[in-house]
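Enquirer: Supplied in structure tokens, the structure appears directly below.
Laboratory data are not the source of any read-out in this text; all were calculated from the coordinates shown. Worth saying up front: this structure is predicted, and the values here are computed from it rather than measured. Note: ideal-geometry Cβ built from the backbone for every residue, glycine included; neighbour counts use all protein chains shown.
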Amino acid sequence: MTIFEALGRAEAKIHNTSLEEVHFHEVGSADAMVDIVCAAVGVEALGVDEVICSPLNVGGGMVKCAHGTIPVPAPATVELLAGAPVYSSGVMKELVTPTGAAIVKTLVSRFAAFPQIKIEKSGYGAGTRDFPGHPNVLRLTVGESVCNVAANTASDTITVLEANLDDLNPQVFGYVMERLLEEGALDAFGVPVQMKKNRPGTVLTVLCKPEDAGKLSQIIFTETTTLGLRRRDEARQTLARRWEIVSTSWGEVRIKIASINGSDTNYAPEYEDCRRIAAEHHIPLKTVIQEAARAYLGAGQKL
């Protein structure tokens, strides 16, 4: 039912009407209903914990429907895939329909490249059309997640943005780093390199959530001298984290603690808290950090 509702809401928005008034046209046909019901029943029967999907090839060109000839991907497909990574390989056919998009939107928990799993079984569904140089098949692979680290690490996908800079004022570089972090970058850093024509330069690297990549790329293009940047998605694994507060002679400091399988492995006093205290009380920053660490360990915390 959730898949049908997602499809209905997308159609209603496209037609500027209510969900109750929307007419499904082709997507309400028998084959679409079979696709949706079988997809839901199939996922339930597999008993999987998570459904991951690779970026979707939406195709291109035009398609005929009840409203006439419209561009591919269809408006409802575009609406349903908002936030999902998509691309076109150049095939001038509709490769993702509104029905397929509704199924993906509802069942898929995240989009990523082929995950690190121990493959148990796989299956293929082939379409009736033949596209030169492009297999018209959908593959479903079932497997168990495999991690090289402890079982309770979290996995997600981040986007990496990189640009080579050899003619940027160093003062501007520092400003750009601050802006990127303020606008949501998970991390930003520069690595010195020797570039073409023997010019010293810096590789600017930004780690961010995929949904923030667009606005951060815009900042890089407008604030630096680069004419291009590289973009890729990478898998990231993170330890479980929590915060605790300790009291020092000058005030409270937050402690960030990382753990694996319930056992604490790392801790660090929060830099900004220590920096503020050091500035307010005119004492060395390292003294505040050491005092906060002692307070944490003295409270009975052991690594």
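Enquirer: Output the pairs from K93/K121; K93/K118; K209/K256; K13/K64 with a Cα-Cα distance over 23 Å in this structure; if there are none, say none.
Expert: K93/K121; K93/K118
Enquirer: May I pose another question? By how many nm would the segment from V43 to T17 grow when fully extended, if each residue of separation counts as 0.36 nm and the alpha-carbon distance is taken off?
Expert: Extra length available between V43 and T17 comes to 6.2 nm.
Enquirer: Using Cα-Cα distances under 8 Å and only pairs 6 or more residues apart, what relative contact order does segment 135-256 have, in percent?
Expert: Computed value for segment 135-256: 34 percent relative contact order.
Enquirer: Let me ask something else about it. What percent do you get for the relative contact order of the chain when only Cα pairs under 8 Å and 6+ apart count?
Expert: Relative contact order here is 12 percent.
Enquirer: Give me the Debye-computed log₁₀ of I(q)/I(0) at q = 0.18, 0.20 Å⁻¹ for segment 2-145, equal point scatterers on Cα only, no solvent, two decimals.
Expert: -1.19, -1.43
Enquirer: For the chain, which span is the longest to avoid every loop-located (per DSSP) member of trypsin sites (Lys or Arg not before Pro) having at most 14 other Cβ atoms inside 10 Å?
Expert: In the chain, the maximal stretch lacking such sites is 130-301.
Enquirer: So, one more: Calculate the translational D of the chain in whole µm² s⁻¹ from Stokes-Einstein, where the hydrodynamic radius comes from the Kirkwood formula applied to all Cα pairs, the temperature is 25 °C and the viscosity 0.890 mPa s.
Expert: Here the translational diffusion coefficient equals 103 µm²/s.
Enquirer: Further question: Is there a quick way to get the dipole size of the chain? I mean about its Cα centre, with the Cβ of Lys and Arg at +1 and of Asp and Glu at -1; what is the value in debye to the nearest 20?
Expert: My answer is approximately 900 debye.
Enquirer: Would you calculate the volume per residue, in Å³, of the smallest convex hull containing every Cα atom of segment 154-237?
Expert: Spread over its residues, the Cα hull of segment 154-237 gives 89 Å³ apiece.
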